[in-house]
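Q: Can you read through this structure? Questions will come right after.
Values in this text are rule-based calculations from the coordinates and carry no lab data. Everything numeric in this text was worked out from a predicted model, so none of it was measured. So basically every Cβ, Gly included, is an ideal-geometry build from the backbone, and we count neighbours across all protein chains shown.
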Amino acid sequence: MNKAITDGLVLMPPPFSAGLNLWSRENGTPGSASYQGQPNAALVSNDQDFAGCLELQKTETTQRLRSFAQTPIQPGLYLRVTARVKAVSGNLPSVRIAAWAGNVSGQNVAGLTQVGPTVPLQGYGEVVTVSAIISPAARTGVDMAWTTQVAYAHVGLDLTGANGGVVRIDDLVVEDVTGLFIRKLMDWVDVRDYGALGNGTTNDAAAFLAADADAQGRAILVPSGVFRLTSDVTINSRIRFEGTVSMPLNRRLILTRNFDLDTYGQAFGSEIEGFRRALAALFYFTDHVTLDLSGRRVELTEPIDVAAISGLTSFNNRRVVRNGQLVAVASPAWATEEFTSTATYSPASNLTLTGVANVANIPVGALVEGTGVGREVYVRAKNVAAGTITLSQPLWGATGTRPYTFRRFKYMLDFSGFDLLSRFELEDIEFNCLGQCSGVMMATSGSTKRFLSCTFNRPLDRGITTPGLGCQGMFVDMCQFLSNESALPAQNRTSIALNVNANDVKLRNNRVVRFAHFAIVNGTGHLIHANHFFQGDDQPAGIRRAGLVFTQTNVSTVVTGNYVDNCFIEWGNEHDSAPEWNGEFSFGGLNIVGNVFIASATTSAFRWVVVKPYGPGHYLNGFSLVSNSFRVFNGSIDRVEMVDTSLASLEMAQARNVRVEGNSFNNVGQGIMNPLIVTHTQNTVADTWTVGSDGFVPFGGRIRMVESVQPEGAILNGSNVARYAFPNATPGVGAQGNQAQLRWGEAVRGKAVVRMRMDLPS
């Protein structure tokens, strides 16, 4: 940079040969005395060292020489004033560059250094060069550090020391030396200046680290080239890549000030490789917990095995990946692997398959299918030497030896290589599966994973899969699941948004569109709130499938404020190796409160709440269906609930703590409630009144208790005489046990309000 060239600045003072009237013997200000006609100053044209020069005798304590010309001073401009001087005779003086600093008003800016370093002349005829640098910037190397108040300078020199000596002075030179300060002016350092070669083979790691150590707040520039780094490198300065780096797969580049996909993509030459490298660094990087994808689109041609690229199998610190889109590109790597093998299952060891043929070929995370296998059972681990497989859930009806199919779906992000991964979060990520693959497979164990504001767009098989207990305490909040099977009839769909194996999961504010199922849920303590999941189709009188499927009996779960659209809630125990009741907690702990249930263009046999016992002896023991709204469009249904008795029925004589009240029913043939309030009118006198439930008892239950009987009006005998007797009650009479009898002790008639229950309190 040279402002004399770029800005047309005139920096040089006039040569002495132009006239001594142009040179001041004071400060160079207008009106000050010049050297014209002075007896101690003369022009010399034939000096052997100087083509033309000024000969000057020192007659004053400080002999000043200043140019009347104004040399401009500007911010960012560095000027070097140079003079070549030699002693000719007499006393030997000292010499220094000097300049007078003037502001825009023509006044001297006081308080500034206006002289340069002093250099003594040591002998006669020896040419001595003196110089000084002037700039408004107070940087190392600047001799006269002025301020931006200074607009111009009268440059020159001073002779100090003993008087009487004669010196000759060559024409002064003023030059722009801003280029000498470029490195200090620039906010970056170049790795090549520290020995980096960028030839793709030489290890440049030491040069990168040296540049980082010297940056001191400046950024690092990686210029064009391929810079090989064969060891882990941590850069604590800001960094900018024009070239790229290459590293072994087991080495990590950690960029503490630029931990984002943009920078890593530039560093490694592609966004996919940048994503892999940044994700690997995330697990070893303590300054940041978040990897920002910079809102970028990363195209994947194969699954990302996160454990493999991180080099870890266990991690228990919070880490977040956010703000980007992962896009599946068609590739053979997404093809589902399928294996068939025989194995033996025993309920005594209900999470193990033994004698598994070809166990080495069966991958962890494979879906297990076969007779007696419930939905969403996965291979959690395997022991090749022992020929065994550890399952994510027990099998309800698979005792003995039989064939199984193992299908391994492919996921964009696959964490199944982690034995333990906790507190990992994905925020504002779109998994654009495009019917090529599935979304995320979680680790086999760990807790408090979090999916926030993510979109799972057209997953081929699954949105989120947990093959073990890695979903403990999981959060899925404000996510959208968009099916790849929207155009199919509901009964033909196979994809599932997510599954749950462990406890304390929160599914909140999600939108789930036309999957086979929204969630297959095991475990207890779940909060399922404010989701909209809909699974209808365009078929006349279409078949509807379960949206939520609970797979154990005692769930301790709240389902509240959801929009359940053209699907139902199924509650069974398909993940129970001994599905018959054997003294354990039976169906209880499910609270369905304040939801909106709708259905359209379905059959009258459709139900919104279905209990499906996989073995006999079970009963309801703590169930609430309260303040929900049920509505059918374009048709009607018989009732809202049922027991699926295809495998077993419920023991209604054991029901306890069932609460069904405050619900509304629209285009539903039969409403339900418990407790049930019935107004019974007895028109003929009778000792025994039989009070029916008229179908209001939920799940086809029997009447187990009559809580109260309140006569309405007079109770009359056959003579029309009012009687004031009070009846005793017998619940559970009739062929279905859904009636109660009131015995008055004599034949009477009248009206009574009867409050009955299908359950008993615990």
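Q: Give me the number: length gained by fully extending Thr405 to Val88, i.e. 0.36 nm times residue separation minus the C-alpha to C-alpha distance, one decimal in nm. Write out the running numbers ahead of the final one.
A: Details: separation 317, 0.36 × 317 = 114.12 nm, distance 10.67 nm.
Residue separation times 0.36 nm, minus the Cα-Cα distance, leaves 103.5 nm.
Q: Using the beta-carbon distance between Gln736 and Ser224 and R0 = 51 Å, what value does 1/(1 + (r/R0)^6) give for FRET efficiency, to the nearest 0.05?
A: Values: r = 85 Å, r/R0 = 1.67.
Working from the Cβ atoms, E equals 0.05.
Q: With respect to the cross-link table entries Lys382/Lys506; Lys382/Lys410; Lys506/Lys612; Lys382/Lys449, which display a Cα-Cα separation exceeding 28 Å?
A: On the way: Lys382/Lys506 30 Å; Lys382/Lys410 19 Å; Lys506/Lys612 24 Å; Lys382/Lys449 24 Å.
Too far apart for the 28 Å limit: Lys382/Lys506.
Q: Shifting gears a bit: How compact is segment 492-666 by the rule of thumb for globular proteins, expressed as Cα Rg over 2.2 N^0.38 Å?
A: Values: Rg = 15.2 Å, N = 175, 2.2 N^0.38 = 15.7 Å.
Its radius of gyration relative to the 2.2 N^0.38 Å reference: 0.97.
Q: Mean 1/r over all different Cα pairs, inverted: what Kirkwood radius does segment 301-457 give, in Å?
A: Details: mean 1/r = 0.0600 Å⁻¹.
So the Kirkwood estimate lands at 16.7 Å.
Q: Placing one identical point scatterer on every Cα of segment 164-309 and ignoring solvent, what is log10 I(q)/I(0) from the Debye formula at q = 0.21 Å⁻¹?
A: -1.33
Q: Then there is this: From the backbone phi of segment 23-28, what are the Karplus-calculated ³J(HN,Hα) couplings (6.51 cos²θ - 1.76 cosθ + 1.60, θ = phi - 60°) in whole Hz, Gly and Pro given as x?
A: Once rounded to whole Hz, the list reads 10, 8, 9, 10, 9, x.
Q: Under Stokes-Einstein, with the Kirkwood radius over Cα pairs standing in for Rh, what whole-number D in µm²/s applies to segment 187-249 at 20 °C and 1.002 mPa s? Kindly include the intermediate steps, with their values, before the conclusion.
A: Numbers: Rh = 11.2 Å.
Rounded to a whole number, D works out at 191 µm²/s.
Q: Semi-axes of the equivalent ellipsoid for segment 3-183, please: Cα gyration tensor eigenvalues, times 5, square-rooted, ordered largest first, whole Å.
A: Values: eigenvalues 139, 59, 49 Å².
Value: 26, 17, 16 Å, ordered largest first.
Q: Here is a follow-up. Computed from these coordinates, which is semi-axes √(5λ) of the Cα gyration tensor in Å: (1) 95, 29, 19; (2) 94, 32, 19; (3) 69, 33, 24?
A: Here semi-axes √(5λ) of the Cα gyration tensor in Å agrees with entry (2).
Q: If you take the Cα Rg of segment 432-519 and divide it by 2.2 N^0.38 Å, with N the number of residues, what do you get? Before the final figure, lay out each step's value.
A: Numbers: Rg = 12.4 Å, N = 88, 2.2 N^0.38 = 12.1 Å.
Against the compact-globule rule of thumb, the ratio is 1.03.
Q: Along its three principal axes, how long is segment 584-652 when you only count alpha carbons? Whole Å, largest extent first please.
A: 42, 27, 15
Q: Continuing with this model, one more query. With an 8 Å Cα cut-off and a minimum separation of 6 or more residues, compute the relative contact order for the chain in percent. Intermediate results must be reported in sequence, preceding the final value.
A: Values: 2249 pairs, mean separation 42.5, N = 762.
Normalised by residue count, the contact order of the chain is 6 percent.
Q: Right, another one. Relative to the Cα centre, what is the charge dipole magnitude of the chain, using +1 at the beta carbon of each Lys and Arg, -1 at the beta carbon of each Asp and Glu, and rounding to the nearest 20 debye? Numbers along the way, then the final one.
A: Values: 61 positive and 63 negative charges, 233 e Å.
Its charge dipole is roughly 1120 debye.
Q: Compare the peptides 203-212, 137-146 by average per-residue count of other Cβ atoms within 10 angstrom and give them in order, highest first. Intermediate results must be reported in sequence, preceding the final value.
A: On the way: 203-212: 20.2, 137-146: 15.6.
The densest-packed peptide leads the list: 203-212, 137-146.
Q: While we're here: Grab the Cα-Cα distance for Val115 and Ala578, subtract it from 0.36 nm times how many residues apart they are, and report the gain in nm with one decimal. Intermediate results must be reported in sequence, preceding the final value.
A: Working: separation 463, 0.36 × 463 = 166.68 nm, distance 9.88 nm.
So the extension gain works out to 156.8 nm.
Q: Could you sort 290-298, 313-321 so that the peptide with the highest average Cβ count within 10 Å comes first and the rest follow in order?
A: Values: 290-298: 18.2, 313-321: 16.2.
Ranking, from highest mean packing down: 290-298, 313-321.
Q: Amide H of Leu421 versus every other amide H placed in the peptide plane: which residues, excluding those fewer than 5 positions away on the same chain, fall under 5 Å?
A: HN-HN under 5 Å from Leu421: Phe315, Ser445, Gly446, Ser447.
Q: Mind giving me the FRET efficiency for Ala686 and Thr313? R0 is 51 Å, r the Cβ-Cβ distance, nearest 0.05 is fine. Mind dumping the intermediate values first?
A: Values: r = 76 Å, r/R0 = 1.50.
Taking R0 as 51 Å, the efficiency between Ala686 and Thr313 is 0.10.
Q: Then there's this: Let's test this: bin the Cα-Cα distances of segment 1-88 at 5 Å from zero up to the farthest pair and state each bin's percent.
A: 3, 12, 20, 22, 19, 13, 8, 4, 0
Q: Can you tell me how much longer the chain between Asp47 and Ile543 gets when fully stretched, taken as 0.36 nm per residue apart minus their C-alpha distance, in nm with one decimal? Before the final figure, lay out each step's value.
A: Working: separation 496, 0.36 × 496 = 178.56 nm, distance 11.20 nm.
That pair, Asp47 and Ile543, stretches by 167.4 nm at full extension.
Q: Rounded to the nearest 500, what is the 222 nm mean residue ellipticity of the chain from helices alone, with -39500 (n - 2.57) per DSSP H run of 4+ residues and division by all residues? Kindly include the intermediate steps, with their values, before the conclusion.
A: On the way: 6 runs with 44 residues, N = 762.
Helices in the chain give a 222 nm mean residue ellipticity of -1500 deg cm²/dmol.
Q: Using the beta-carbon distance between Ser331 and Ser646 and R0 = 41 Å, what value does 1/(1 + (r/R0)^6) give for FRET efficiency, to the nearest 0.05? Walk me through the numbers before you get to the answer.
A: Numbers: r = 41 Å, r/R0 = 1.01.
Computed FRET efficiency for Ser331 and Ser646 comes out at 0.50.
Q: Continuing with this model, one more query. Read phi for every residue in segment 203-212 and hand back ³J(HN,Hα) as whole Hz from Karplus 6.51 cos²θ - 1.76 cosθ + 1.60, θ = phi - 60°, with x for Gly and Pro.
A: 6, 9, 4, 4, 5, 4, 5, 5, 4, 5
Q: At Asn509 and Asn657, where each label point lies 7 Å from the Cα along Cα→Cβ, what is the point-to-point distance in nanometres?
A: 3.1
Q: Moving on to the next point. Where a ≥ b ≥ c are the square roots of the eigenvalues of the C-alpha gyration tensor, would you call segment 337-408 rounded, which needs a/c under 1.5, or, failing that, prolate if a/b is larger than b/c, or oblate? Numbers along the way, then the final one.
A: Working: a/c = 1.40, a/b = 1.17, b/c = 1.20.
Rounded.
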